[in-house]
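Since the structure comes first, as structure tokens, the remarks are kept for the end.
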Amino acid sequence: MSAQNLKLALKIAAQTTGKEQIKQLVNELENIATSSKGADNEAGKLSKELDSLANQQNLINNFQKSASNLEKQELATVAAAQALEKLQKEAQDTNKPFVQLARSLNVAEKDLVEMRGELTKQTAKHKTLQTQLNKTGVNTKNLSAKKRELA
């Protein structure tokens, strides 16, 4: 083979090899781009999942606070009802002036009505939170276990 032919053969081989390497690089870059898009999609899914879990955690905390407040309001309402009942009994069994007893009874009745109204509002709010939690898949009867899962 002449020097001229050898040069030509080497030149052709270099061009062919270079094209194949470029094709390989292009294929690798396309694979990387596809993987990157998949990773972006996964990151988006994970972000949505984290937001959902944070929302569930907030709902659980609000539900627990609501349950505590509701229990306190129920106890206060029962105590007010008992106090009113006691005043009514006193009114029947006492010689206190009627005006003073009437005022005390009116105040106690008004307080009890307000407390029952507040209790009704808190109960409705609590039920709304319970519904929201149920929609997110949280069983409100076993909040401690769900809270541990989210932690």
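The values are calculated or read from the model by the stated rules, or taken from the named source; none is laboratory data. Just so we're clear, the structure is a prediction, and the values are computed from it rather than from any experiment. Every residue, glycine among them, receives a Cβ derived from its backbone with ideal geometry; neighbour counts consider all protein chains shown.
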Query raised in the report: What are the pairs, 6+ residues apart or on separate chains, where a residue within segment 117-130 that is in contact (Cβ under 8 Å) with a residue 12 or more places away in the chain has its Cβ under 7 Å from a residue that is of a type outside the set (S, T, N, Q)?
Result: L119/E74; Q122/L70; T123/L70; H126/A67; H126/L70; L129/L59; L129/F63; Q130/F63
Query raised in the report: Out of segment 87-115, which residues are modelled with pLDDT under 85 and basic (K, R)?
Result: K89, K96, R103
Query raised in the report: Restricting attention to segment 69-112, which residues are of a type outside the set (A, V, I, L, M, F, W, C), assigned to a helix (DSSP H, G or I) and out of contact with any helix residue (DSSP H, G or I) (no Cβ under 8 Å at 6 or more places or on another chain)?
Result: E71, K72, Q82, E85, K86, K89, Q92, D93, Q100, R103, N106, K110
